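Down below is the structure, laid out as structure tokens.
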Amino acid sequence: MTEASQFVLDNLQSRGWFAPEPGYFGDNAAAYGAQDEALGELAKARGGIGGYKIAYNSSAQLAALGQSQPGAAYVCAAQIVQTGAKLAAADYDNLMIEPEIGAVLGAELVPGKTYTAADMAGLVARWLPVFELLDRRNSDGHFHVPTVLAHNIFNEGAVLGGPGVAELPELAALHSVVFDNGARVHDAAGAAPQDPAEAAAFLANHFTGRGQVMKAGSLLLCGTHMPIFKPEAGHELRFELGALGAVSFSIVK
């Protein structure tokens, strides 16, 4: 393992202080190399790789960060939980959430192929509402993209809802509603940052292009429907997504 990869692994395991590290991660290529190595090791103690996430995949976010492509990261299997989960506040330094459409793969994806959005529409078994869990630690106020990529874009798992659907309805009419302890904090139609099938294709091509076999049953997170949100300990969060169903979880003090 390289020094940069070991730095990431140690930092993720210790939930250490997060700061830009351009000396280690001068560009996105270096960042992804460290991410692959560090998460390959970290996942051994977290149930293996259970999914993959996309980040900053709206045109506005890409422009704001000066990026030509979204970010991509891994999700560890043991950190994927079902709706109704109770999460301990003490397990996170700075827990934040993003409500998203998730895709569950119905078939294995392998290197050596190029996947299109149309391909992914047929390869996804189920589209469902998901809360992505992130631990932003002390990162507020700075966002050095390669450092963030290397550190797996803050992912700390996901909460899966349902029942889900085999085919996505018209996105413009799909209503995203988020409640924090019963108070409505987000309510918008057509809130997906991009076509989820396009997001899924990006993830498929990114990870299979790096030699990964993406197993059937893997979760793909397709981008947040609202700005990142910080929930409070003792609160229950709920995300309703029309025909896709709903997902909820609570944070235990």
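The values are calculated or read from the model by the stated rules, or taken from the named source; none is laboratory data. Bear in mind that the values here come from a model prediction, so they are computed numbers and not experimental data. Here Cβ is always computed from backbone atoms with ideal geometry, including for glycine, and neighbour counts include all displayed protein chains. Side chains included, ligands, DNA and RNA excluded: accessible areas come from the protein's heavy atoms. Shrake-Rupley method; radii C 1.70, N 1.55, O 1.52, S 1.80 Å.
Computed quantities for the displayed model
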quantity: Residue match in the range 115-122 (condition: in contact (Cβ under 8 Å) with a residue 24 or more places away in the chain, part of a strand (DSSP E or B) and either out of contact with any Phe, Trp or Tyr (no Cβ under 7 Å at 6 or more places or on another chain) or open to solvent by 40 Å² or more (accessible area, probe 1.4 Å) (or both)); calculated: no
quantity: Filter result for the condition that a residue is touching a Leu at 6+ places or on another chain (Cβ under 8 Å), more than 30 Å from K86 (Cα to Cα), surrounded by 13 or more Cβ atoms within 10 Å (Cβ to Cβ) and not basic (K, R), over V145, V165; calculated: V145
quantity: Qualifying positions in the range 9-24 - of a type outside the set (S, T, N, Q), open to solvent by less than 60 Å² (accessible area, probe 1.4 Å) and either in a loop (DSSP other than H, G, I, E, B) or closer than 16 Å to P146 by Cβ (or both); calculated: L12, G16, F18, A19, P20, E21
quantity: Which listed residue, of Q67, Q61, Q35, is over 26 Å from E3 (Cβ atoms) and not in a strand (DSSP E or B); calculated: Q61
quantity: Sole residue being aliphatic (A, V, I, L, M), under 19 Å from T208 (Cα atoms), open to solvent by less than 40 Å² (accessible area, probe 1.4 Å) and touching a Gly at 6+ places or on another chain (Cβ under 9 Å), chosen from A55, A4, A38; calculated: A55
quantity: Filter result for V213 (modelled with pLDDT of 95 or more, in contact with a Lys or Arg (Cβ under 7 Å, 6 or more places away or on another chain) and among the hydrophobic types (A, V, I, L, M, F, W, C)); calculated: no
